[in-house]
Amino acid sequence: MKPFTIAIDGPAGAGKGTLARRLADHYRLNLLDTGLTYRAVAHALLQVGLPLDNVSAAETAARQVDLAKLDRAVLSAHAVGEAASKVAVFPTVRRILVEKQREFAKTPPGAVLDGRDIGTVVCPDADIKLYVTASAEVRAQRRLAEIESIGGTANFAEILADIQRRDERDMGRADSPLKPAADAHLLDTSEMAIEAAFLAAMAVIDDVLAKRDKA
Ligand code: C5P
């Protein structure tokens, strides 16, 4: 049977990472947070002090990305996320990473991939496409709570401005901008706990799986 693919897209902080993890566990699928691949490229440049608009260095770093060696602890830093959205505008860098992401999706039994262009570009034939969103204010509030829960301090207005800047960059770029695929199921988590989003996603997926079993 063809590998099963769940594509999850949405802006930073909408809860798609948590949802992707829950779904991969539940359906026993492989999991790829594609944001980490762009972060790995940005991190490689930052580490050697190269500017983020050095396209040929970014291409070399993209070729060297090993999906089995993405270190979330190192790559999750806020500054790396910002930098990632800068290298993510280059079509040649995207092409190299998308190729690796597609190979990953093909591996049986299939995968949950989350990012910005999974349903539109990476896996346009995905069995399920989810677009997870939430208002910028709610996402900023969640980020603030997350920082405070680990004893940090931050300013709501700054976080909000950051999120809005990242949204603009991701939605406004020419190549593979963030947008819902025409056939994506929309999940607005602004007023929905992650558990409710998980249940809503499961209902959609179980329906598709039941039809696939009958076919
Ligand atoms: O999801 P995360 O915040 O880790 O992604 C970091 C950045 O990588 C995003 O802001 C976006 O610019 C880029 N990205 C992308 N396409 C993806 C995943 C992430 O352009 N599929």
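The values are calculated or read from the model by the stated rules, or taken from the named source; none is laboratory data. Bear in mind that the values here come from a model prediction, so they are computed numbers and not experimental data. Here Cβ is always computed from backbone atoms with ideal geometry, including for glycine, and neighbour counts include all displayed protein chains.
Of the candidates Ala111, Ala140, Ala126, the single residue that is crowded, with 20+ Cβ neighbours inside 10 Å and in a loop (DSSP other than H, G, I, E, B) is Ala126.
List pairs: first residue in the range 116-135 and under 19 Å from Ser190 (Cα atoms), second residue more than 13 Å from the ligand (Cβ to nearest atom) and among the hydroxyl-bearing types (Ser, Thr, Tyr) anywhere in the structure, Cβ distance under 8 angstrom, at least six positions apart or on different chains. Every condition considered, the pairs that remain are Val132/Thr189; Thr133/Thr189; Thr133/Ser190; Ala134/Thr189; Ala134/Ser190; Ser135/Ser190. Residues in the range 42-88 that are more than 9 Å from the ligand (Cβ to nearest atom), surrounded by 15 or more Cβ atoms within 10 Å (Cβ to Cβ) and under 30 Å from Ile128 (Cα atoms): 4 in all. Could you tell me whether Ala24 is under 24 Å from Ile163 (Cα atoms) and of a type in the set (A, V, I, L, M)? The answer is no for Ala24.
Evaluated against (1) more than 15 Å from the ligand (Cβ to nearest atom); (2) more than 24 Å from Leu187 (Cα to Cα); (3) among the β-branched types (Val, Ile, Thr), Val138 falls short on exactly one condition, (2). A single member of Asp175, Asp207 is among the acidic types (Asp, Glu), more than 19 Å from Lys16 (Cβ to Cβ) and either outside any helix (DSSP H, G or I) or in contact (Cβ under 8 Å) with a residue 24 or more places away in the chain (or both), and it is Asp175. Taken over the range 178-197, the criterion of being assigned to a helix (DSSP H, G or I) and either modelled with pLDDT of 95 or more or among the aliphatic types (A, V, I, L, M) (or both) is satisfied by Ile194, Ala196, Ala197. Consider the range 14-41 and keep the residues that are more than 8 Å from the ligand (Cβ to nearest atom) and touching a Lys or Arg at 6+ places or on another chain (Cβ under 7 Å). The one that is nearest to Leu209 (Cα to Cα) is Leu31.
Yes or no: Thr37 in a helix (DSSP H, G or I), modelled with pLDDT of 95 or more, hydroxyl-bearing (Ser, Thr, Tyr) and surrounded by 15 or more Cβ atoms within 10 Å (Cβ to Cβ)? Spelling it out, Thr37 is indeed in a helix (DSSP H, G or I), modelled with pLDDT of 95 or more, hydroxyl-bearing (Ser, Thr, Tyr) and surrounded by 15 or more Cβ atoms within 10 Å (Cβ to Cβ).
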